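Nothing in this text is a laboratory measurement; each read-out follows from the coordinates by a stated rule. Just so it is clear, the structure is predicted and the values come from calculations on it, not from any experiment. All Cβ positions, even for glycine, are placed from backbone atoms using ideal geometry, and neighbour counts span all protein chains on display.
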Amino acid sequence: MRWFLLAAALLAAYASATDLAHKQQTINQLLYKSTEPIRSKFAELKELAKGWDPLSHKHHCSDGGHALEVLVHEVEQGNMLVKKHWFSLFNERHREEAVMLVDALLSCTDFNFFKGHAAYFREHMNEGEFVYALYVAVTHSDLTSGVILPPLYEVTPHLFTNSEVIQRAYTAKMTHTPAKLQMEFTGSQKNPEQRVAYFGEDIGMNSHHVHWHMDFPFWWQGHHIDRKGELFFWVHHQLTARFDAERLSNHLPVVDELYWNRPIEEGFAPHTTYRYGGEFPSRPDNKEFEDVDGIIKVRDLLETESRIREAIDHGYVTSKDGKAIYIDNDRGIDILGDVIESSMYTPNFQYYGALHNYAHIMLGRQADPKGKFSMPPGVMEHFETATRDPSFFRLHKYMDNIFKKHKDKLHPYTTNDLLYSNIEITDVSIDGELVTFFEDFEFNLINALDDTEQVEDVPVSTTVHRLNHKPFDYDIHFNAKYDAVATVRIFLCPKYDYNDIELSMDEYRWGCLEMDKFWVDAHYGENHLVRHAHESTVTIPDRTPFEDLIKQADEAVANDSDFPHQNYRSCGHPARLLLPKGNTKGMEFLLFVAITSGDDAALSRPTVGEHGGAHGYCGVRGEIYPDKRPMGYPLDRHIPDDRLFDVGNVHVSTVKVYHKKH
Ligand SMILES: [Cu+2]
């Protein structure tokens, strides 16, 4: 009772502070040095955690406190994963525990309770589970709308930073010497794969990948998220296509798919360490797949694959209750995405399994498939680290080809389907040159290091090379027969294959990169449209450094001023990586522009700002996907003859992407 009164008193004292600045400050403090107890300097939060009795606030939960009771019970019974232990979302029990907290937080009807529960469970749960659950809850809760999640590479730096750098960071800390440490890409130049390590190891791309999986969790059972399965296909298809474009830029053939009954050609030494649990295991070249004891057999994956392929050939998947769900239509790809990942939306988990999720576990465990050496899971079991391993792209190429098999079976679009007779594109050009370059980017490692409150921090950071490009604009001229809203779709496609053979439309379409998609008002007569690359609806700008977020929120709270509510998304491809690297001579790509009817818009009058950037890859939070057409339209289906695209509203031109060393 005393605790209750104390908690109630505390709550009364802070109950009014739920403006955005306070919310941002709370989330910052909850994530600051997440492997240690809440800092004393965050006195209010610390006290709140100490005095909090979760179950006394059940009436502030939308589910009557059910989720909270489940979690409290597990905590009180001592059933939870201990602190200072690695956490993997693919471990069923770890995931269950993290999701218990997500559910409890999402059931809160008031931010003060969200805050109290979060503070309490931060001190009573595994750190990895807590951080994951808080990120997901902040992403999905209406109570935290407008809160900016700090960059994951600064909250859990171990998953983004080489072991060598982490070790040197410790030395800097121990000797109390400020340090700015240069991070190199994994491996050596003897490994051709290293030429594209800058892409697989890009911390912005890694963050995009993790956040995508937080926006669209496969374990999500709540309300329906629109076209989640199709987005799973599309975002990973685009990652694969972008990886291939980087390979072509670096004189490497496009990535081949993975075969369960052949050795995994590329080995991988991650040079990455868990915060707790030791080194991420390595895998030698040409490793044959072995069954993973107690979890998944190679045979099961082969069987799952053949059942999915059969469904594609039949044109229907069979639901749990034996009904046929027809897939040879625009909706089919969405169902297949649910089936292949699989998410909780799959119509038949028992029969079609979870190809993608088990494949990640299979690849993640090949260093110790029998569990003989008690090794932690490999990089493939973490969305943060998976793309570092070249087998990630092989795996996704494999699944991408299954999706392609389905798309190739659909009727090709006819000229009539493609034609939008209102619009005639007269010219498309690039304002400025398409130029890429490498630059150094610095991020903070303070959260990677253990310390005590008594010893003051020294600044420790790391710098990484990252690809960027010069700003550019698309210059599009077109004529319209009448005023109308129109949909503009821009793709960048490879023009030649690895052997310099020019590709036909049907060959290059699957490698096209979505650059932008937006809606414009077309006016009767001549139109001149200038679109800036940075406005792209598949990308997001650089993330705000954690230190800046802390400063901004603290200042806003101290001055009682507003924290600006930005339409910010954590999910989105880095704007820097919009262009593939290209080469020093200027690598030719095709710029494909299609202007289609504004009737394609699923939401009323969609504009960029309204949807917070990256809807192309990440949809719109809480809304339906803004484009009615299949993702990748009009290049998603088989093209038997290039001349089908001889319509006035489609324009294809050659552009060059230059890479400049400076
Ligand atoms: Cu993924």
Using alpha carbon centroids, what distance separates segment 467-484 and segment 554-588, in Å? 21
Show me, bin by bin at 10 Å from 0, the whole-percent P(r) of segment 41-100 based on Cα pairs. 19, 38, 37, 6
What percentages make up the Cα-Cα pair-distance distribution of segment 287-383 when the bins are 10 Å wide from 0? 16, 43, 26, 13, 2
May I ask you to list the residues of segment 100-125 whose amide nitrogen lies under 17 Å from a point 7 Å from Cα along the Cα→beta-carbon direction of Glu69? 100-101, 103-105, 107-108
Restricting attention to segment 153-204, which trypsin sites (Lys or Arg not before Pro) occupy a DSSP loop and are surrounded by at most 11 other Cβ atoms within 10 Å? Lys190
Out of the DSSP beta bridges found with both residues in the chain, what percent are antiparallel (nearest 5)? 85
A correct fewest-to-most ranking of Leu152, Leu591 by other Cβ atoms within 10 Å would be Leu591, Leu152
Within the chain, which cysteines find no other Cys whose Cβ is under 4.7 angstrom from their own? Cys61, Cys108
Principal axes first, then extents: for the Cα atoms of the chain, list largest minus smallest coordinate on each axis, whole Å, largest first. 78, 61, 58
Taking each pair of different alpha-carbon atoms in segment 9-112 once, compute 1/r for the pair, average those values, and report the inverse of that mean as the Kirkwood hydrodynamic radius in Å to one decimal. 15.2
